[in-house]
Structures are given as structure tokens and as C-alpha cells.
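*Asks:* Attaching a single structure in C-alpha cells format; questions to follow.
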Amino acid sequence: MINNCTLASIALFKVLYDRKKNIYSLLYDFIIGAVLSSPDKRSFTSLEITNFVNDYYKFEIPESVIKTVLKKNIPEKIHTFNLIEKKYVFSAEMNMYSEAINNYKDLQEEYDSIFKKLILYIESKKKTNLSINDKELIKETFYNVLLDSSVAGEYSTLISMFLMSLDTVSKEKLNSIREGIIIYEGVIYTPDLNLIGTWRDKIVFFLSTEHLFHLAGYNGETYQKIFMDFINLVKEINKNSQLIELKFFSETKTEIENYFLSAQNNLEKRLPIESSAMENILKNCCSPSDVLIKKSKFYSLLSQYNIKEDLYDKYWAEENEAYNLIDHGIYEQLKQEKSLQDKQEECEKLLEQLNKVSILRQGNAGRTFNRCKILFISDNKTTFLLQSKLASNENQYFLATSLDSAINSLWFSLNKGFSDKSKLPTLFDVAIKAKLAISHQLSQKIKQDYSFVRERYSDFTEEDLANGYLILKKETQKAENLDFNNENAILDFLSTDILTMAQREKENQSRKAKIGHKNIVELRYRQQKDLFKEKMEVKKKIRLGIIFSTIITILIISLCFIFVCFGIYHIIKSLISENDTLLGIISLVLSIPILNILAFIKKKIFVYIDNMKKNTHASYRKILKPKIHSFRETGKDLAEFQ
């Protein structure tokens, strides 16, 4: 449906909408642009005009919509209707109204430039020149990624990485495509454009487990914001009357119960955590009772937002048999489908839920989103693959749609517009879409690797098993908060099997151990050098202390000697002279004990010097001996290192 549209034509919806603010004027511009590209004639039937528009822009707009636009009295109107020929006749002045066609050509050039950058990016990552067929496949996948196709291509990961690497201007251009999709899908799925801006129909949305976990924040903040965008749109519609109900099937209830039971087992047995949802549930839980409390709070949260379990119990009653879409043949068909052979249990649960949607509709659903009565919302790609295999009524809207499409449809139905960027839903940002796409691929890869480890447990050594779980735990954390500055690491993880990663982790740890050992030896070597330096400094202090003590001793002895000599001098003088002085008498009296005191002081000084030497050496040993002892153990490592 939308896959054949050119990027430029989808973006043109957004460009013209911003200028016109009127869906009829916008579509009329498309009509004029398409008619101008037609052969030289000015009168056409509504079918011819519809074909011109769809062929030129690669649209699939219904003829009924084109007729509605042509019948409207809009200021830009430059045609009349010929009742006899049943044709619409355009005036010659329409050449002046070529805004759409001019913008279309400009946009084509812009998006061709972005696509060329994409090709160069992929060639640089794959280190090879791409063939023409490769480029066509990339172009198709690029469209699918931007236009929200449920089919993922071979190059979808690289394309998402490319979108994350774009500058702000280029991202804004691609955001125009995202916003253009909303207008385009709204046009082709709204039979009466007069109803835009209002919601009159009752509808029940059945939510899947992943969306209920989004609400609780178990899958991360970004997913929670996305789901709250959906909730807020539902609240706006229900402001005056309860037109939209939110429910979940019994299969979803069972899945939730099993998930919390697994959380209890993980906590009790210390099993590895496989997903960010499990990690967030177990956060701050110390015992199984803590998990039960979290489960109780989860159900309280659902009640707070008026999300209820489906209690209808007559799905298999005889009166509903006509609306049952499942027979034995569908299960046999699924067994033959290679991509679903390892998902049989999951397929059965999803089929039950899709079948319940058909039964609840009772064949009364309309062909448009807002008139479909009952709708299952799922982001599981298996859901849409199964939906395509069920023989549902072609006159009814799909049994299931994605949360993205539901938000788009509600936004368009309420005619919210795009002028206030701060109020736009999170999913309208192409960079966030790319981030979520990579995050989803990482999560799927982690789940596959955990399953592989469990199934082939015997192929792993105990060390490889530990390394494998360590890698998966790191990547589980990374999926919530992706770092796109390291693109190559993400691409490497997505393309490498778990056994190889486990062996690589073992080699990394071995290399780190060797580096760590070398660092320890180097550290001890430096410490040994510091110890030697400290030893030299202590010895230097001891020498200085001895020299200082010796000098002081010499000075004291010298002073005492001078004093004694002075006393002896006066003694001799007093013996020769008859006139004794007071100083002479004192000197004579003190000279004899001074000699004894001098001898005593000399002895004490030398004892003090000797004790100071012993104490200094003892202090030296006390400081350095433990350090020397601790390094004796590393003598061999030091010898090897040196």
C-alpha cells in the first residue's frame, strides 16, 4: 500500500499540510500537479484524475476521496464539472498553480542526495562496492524502515545506524516523511474527510503484554513515553464520552503471570537476566515476596488507567462458530513455514487472540481504523504474518495493527497537526525510531543467544558459559541506553555467535590478566625504587644527626676546657701573687670538682651519642623492615621484569 510511494511524495504531504492547514486544499494541489503532468487535454473523468494522481506520486488514494475533493468549494478551485460528458474541466490558468509539482521535484533531489549518502555509508561499513541489485534492495529496505513496513530487510540494521549518524537538517527532512505518512494513511483510510478532527465511534483496543510493560516502564523510559502518547490520545477522545476501551485477553494475563513467576525463579536460583523488562522487575527485589508486591502494584497501575481483563467466556459457543477463523489446516500450514517452525507455541497464542478479535466483531466491523469495532495492538511481526494467513473478511479493517499505526491514526483523526514540535508523539522522530529498531534487534539477538546456551549447554565449558552470560548481561544493559558512538561494536555483536564471543571474552580476560600482572610488577619495581630512595634518605638523616651531635660535643668539651684552663690560670696566679682576688679564690675552689664534672660530662655525652645511633637504627628498621619483607615475595617477578 504505502511501499510504492516515493519518499518525496510522502514528504510533500507534510510540506503542503504545513502551508494549507486544510486537507482538501492539500489534495487539490496534488490533483493540479498530476493533471499538469498529463498529455495536452483539460477534461477528465474522476477515474482518470485518480489514476493520474496515483501514477505520478505512486499513491493509492481511492477515487471516492478524489471525488470529494473535486466537489468541494475551495479557494484554489480552477475547474468546472461538465454534466453532459461527466467530466471535470480545468482552466488554462492551472499552469499558475504548480506549487505541488515544483515542490515535488525539489524534494526528489533532496532525498536522492540522502540516499547517495546511505550507499556510501553502507559501502564503508561493508568495505565493498555495492552492485545495482544491492542498491535496489537497499532502496526498498530504506523505504520500509522509514515507512514503518513490518518487513525487515537485509540492510535494516545498517540503515538504522545511518539514520542515527545523520545531521540535524537531514533528520528533520526524514521526519517530514514520518509526518507525511500520518496524513497519507489518514486520507486513504478515512472515507469521509469531513469527520477529520472528531471521533464518534466506539472501539475496544486489546493490548499485548509488551505494551502493558511499556506502561509500567519495564522496557525502558523511551517505550514508556511512546505508550503514554497513545494513552493521552485515548484520554482526549474519552474526555466527554467513553468511546475507547482498553483491555487485554486471558492469554496476555497468563503471559504476565508466567513472567512474574519466572522473575521469582530467577531471584531464588540466581539465574541470568535475559531482558531489560526482567531486570527492571527484579530491581530492588531481595526475596520472592518483593516480586509479588511488584506484581500487585503492576495490576494496580492497569486499574488506574482503566485497562481491564477481557472476561467474555463464550468464544467457542455454537453461535460464534461462523466467525471462527481457525481450522486444523492453518496449524499444518504453519508447520511448513520455515520462519515459524521454532515459534509454534507463540503462533498458537497469537492465532487465538486474532481469532477472538474476529469473533468479537461478529462481522460488523467497518473498513476503516475508527470503525473497526475491535482491534488487537501488537508490535510482534509474527502477528502480522499470521494475520495475512487468516481468511478474514476483506470488507473489514485488519484484525491487528501496530502501536505506531494506532498513534498515527488517532493523531490524524483528531487533526492535531505538526506545528508544535514539543507536543508531537515520540515515535514521530525518525532518530528515535532508528534507536528502537537497533534496540529491538539487540534484544532479539540476546534472547536467541540465551536459548542457544540453554539448548546446547553441554557444548560450553564452565568458563565459556560464564563468559557468555557475562557478555549477554552487558548487552542487555546496553539495549536500554544505546551508545551509537561505537557503531562497530554494536554491528559486531549482532553478527557474531555466542560461542565465538565467549572464546573472545576468554582471550580478552587472559590478555587483561597478563597486562595486570605486568602492571603489578612495574608498580612493585617503582615501589622498590622508592624504598631504596627512602633508605638513602634515612641514612642521610642518621649521618647528619651524628655529625651534628659530634659538633655539639666538641663545642661543649671545648668550652669546659677553656673554663678549666681559665681556672688553672688564676690558681697559678694566686699562688705567685700575695694579693688574692675573689675570682681567684672561686677558681681555686671549683677547679678540682670541675675536672671531675668535665670527665663525667664527657662520659655522658658519648653515651648519649651511642644511644642516639642505636635509636636511629632501630627507627630505621621499624620503618623499613615490614616494607622490605613484603617485597621479598616479589623478588622473582622483579628479576623477570628487569
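The values are calculated or read from the model by the stated rules, or taken from the named source; none is laboratory data. None of the values given here were measured: they were computed from a predicted structure. Cβ placement follows ideal geometry from the backbone for every residue including glycine, while neighbour counts extend to all protein chains displayed. Heavy atoms of the whole protein, side chains included, go into the accessibility calculation; ligands, DNA and RNA do not. Shrake-Rupley method; radii C 1.70, N 1.55, O 1.52, S 1.80 Å.
*Asks:* Determine whether the stretch 236-256 contains at least one residue that is part of a helix (DSSP H, G or I), of a type in the set (Asp, Glu) and under 23 Å from residue 411 (Cα atoms).
*Replies:* yes
*Asks:* Pick out the one residue from 245, 236 that is in contact with a Phe, Trp or Tyr (Cβ under 8 Å, 6 or more places away or on another chain) and not β-branched (Val, Ile, Thr).
*Replies:* Answer to the selection: 245.
*Asks:* Restricting the first residue to the stretch 158-171 and requiring it to be more than 15 Å from residue 120 (Cα to Cα), which pairs with a second residue that is at pLDDT 85 or above meet a Cβ separation below 8 Å and a spacing of at least six or different chains?
*Replies:* These pairs meet every condition: 170/114; 170/117; 171/163.
*Asks:* Can you tell me how many residues in the stretch 57-83 are open to solvent by 60 Å² or more (accessible area, probe 1.4 Å) and of a type in the set (Phe, Trp, Tyr)?
*Replies:* Going through the stretch 57-83, the residues open to solvent by 60 Å² or more (accessible area, probe 1.4 Å) turn out to be 58, 60, 63-64, 67, 71-73, 75, 77, 80-81, 83.
Among the residues that remain, those that are also of a type in the set (Phe, Trp, Tyr) are: 81.
Qualifying residue count, the stretch 57-83: 1.
*Asks:* Counting just the residues of the stretch 143-158 that are surrounded by 15 or more Cβ atoms within 10 Å (Cβ to Cβ), modelled with pLDDT under 85 and not hydroxyl-bearing (Ser, Thr, Tyr), which one comes out nearest to residue 402 (Cα to Cα)?
*Replies:* Checked the stretch 143-158; the qualifying residue nearest to residue 402 (Cα to Cα) is 148.
*Asks:* Within the stretch 159-184, which residues are open to solvent by 20 Å² or more (accessible area, probe 1.4 Å), assigned to a helix (DSSP H, G or I) and not hydroxyl-bearing (Ser, Thr, Tyr)?
*Replies:* The answer is 164, 169, 171, 172, 173.
*Asks:* Of all residues in the stretch 407-431, how many are surrounded by fewer than 20 Cβ atoms within 10 Å (Cβ to Cβ) and either in a loop (DSSP other than H, G, I, E, B) or at pLDDT 75 or above (or both)?
*Replies:* 11
*Asks:* Moving on. If you go through the stretch 298-330, how many residues are over 15 Å from residue 251 (Cβ atoms), in a loop (DSSP other than H, G, I, E, B) and either polar (S, T, N, Q) or in contact with a strand residue (DSSP E or B) (Cβ under 6 Å, 6 or more places away or on another chain) (or both)?
*Replies:* Of the residues in that region, 2 qualify.
*Asks:* Moving to a separate point now. Output the number of the condition that residue 218 fails; it satisfies all remaining conditions of (1) of a type in the set (Phe, Trp, Tyr); (2) in a helix (DSSP H, G or I); (3) open to solvent by less than 30 Å² (accessible area, probe 1.4 Å).
*Replies:* (2)
*Asks:* Would you pick out the residues in the stretch 305-331 that are within 30 Å of residue 282 (Cα to Cα) and loosely packed, with under 10 Cβ neighbours inside 10 Å?
*Replies:* Passing the criteria: only 311.
*Asks:* Could you grab me the full set of residues in the stretch 367-396 that are over 33 Å from the mean Cα position of the chain (by Cα), open to solvent by less than 20 Å² (accessible area, probe 1.4 Å) and modelled with pLDDT of 85 or more?
*Replies:* 372
*Asks:* Assess whether residue 260 counts as being in a helix (DSSP H, G or I), open to solvent by less than 50 Å² (accessible area, probe 1.4 Å) and without any contact (Cβ under 8 Å) to a residue 40 or more places away in the chain. Lay out the reasoning, then the answer.
*Replies:* Working: in a helix (DSSP H, G or I): yes; open to solvent by less than 50 Å² (accessible area, probe 1.4 Å): yes; without any contact (Cβ under 8 Å) to a residue 40 or more places away in the chain: yes.
Yes; evaluated as a whole, the condition is true for this residue.
*Asks:* With respect to residue 264, determine if the residue is polar (S, T, N, Q) and closer than 29 Å to residue 408 by Cβ. Before the answer, list the steps.
*Replies:* Values: polar (S, T, N, Q): yes; closer than 29 Å to residue 408 by Cβ: no.
No.
Yes/no matrix, rows are residues, columns are (1) assigned to a loop (DSSP other than H, G, I, E, B); (2) polar (S, T, N, Q); (3) within 41 Å of the chain's Cα centre (by Cα):
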| site | (1), (2), (3) |
| --- | --- |
| 18 | no, no, yes |
| 27 | no, no, yes |
| 30 | no, no, yes |
| 49 | no, no, no |
| 77 | yes, no, no |
| 81 | no, no, no |
| 84 | yes, no, no |
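Yes/no matrix, rows are residues, columns are (1) in contact with a Cys (Cβ under 6 Å, 6 or more places away or on another chain); (2) more than 30 Å from residue 370 (Cα to Cα); (3) surrounded by fewer than 19 Cβ atoms within 10 Å (Cβ to Cβ):
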{"residue": "213", "(1), (2), (3)": "no, no, no"}
{"residue": "225", "(1), (2), (3)": "no, no, yes"}
{"residue": "228", "(1), (2), (3)": "no, no, yes"}
{"residue": "242", "(1), (2), (3)": "no, no, yes"}
{"residue": "276", "(1), (2), (3)": "no, yes, no"}
{"residue": "291", "(1), (2), (3)": "yes, yes, no"}
{"residue": "297", "(1), (2), (3)": "no, yes, yes"}
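*Asks:* While we're here: Hey, among 399, 340, 334, which residue is within 18 Å of residue 208 (Cα to Cα) and crowded, with 17+ Cβ neighbours inside 10 Å?
*Replies:* That would be 399, the only listed residue that is within 18 Å of residue 208 (Cα to Cα) and crowded, with 17+ Cβ neighbours inside 10 Å.
*Asks:* Do we find a residue being outside any loop (DSSP other than H, G, I, E, B), open to solvent by 10 Å² or more (accessible area, probe 1.4 Å), more than 30 Å from residue 366 (Cα to Cα) and in contact (Cβ under 8 Å) with a residue 24 or more places away in the chain anywhere in the stretch 195-207? Walk me through how you get there before you give the answer.
*Replies:* Residues of the stretch 195-207 that are outside any loop (DSSP other than H, G, I, E, B), as a first pass: 195, 203-207.
Filter once more, so that each one left must be open to solvent by 10 Å² or more (accessible area, probe 1.4 Å): 195, 204.
Now narrow it down to the ones that are more than 30 Å from residue 366 (Cα to Cα): none.
No, because not a single residue in the stretch 195-207 is outside any loop (DSSP other than H, G, I, E, B), open to solvent by 10 Å² or more (accessible area, probe 1.4 Å), more than 30 Å from residue 366 (Cα to Cα) and in contact (Cβ under 8 Å) with a residue 24 or more places away in the chain.
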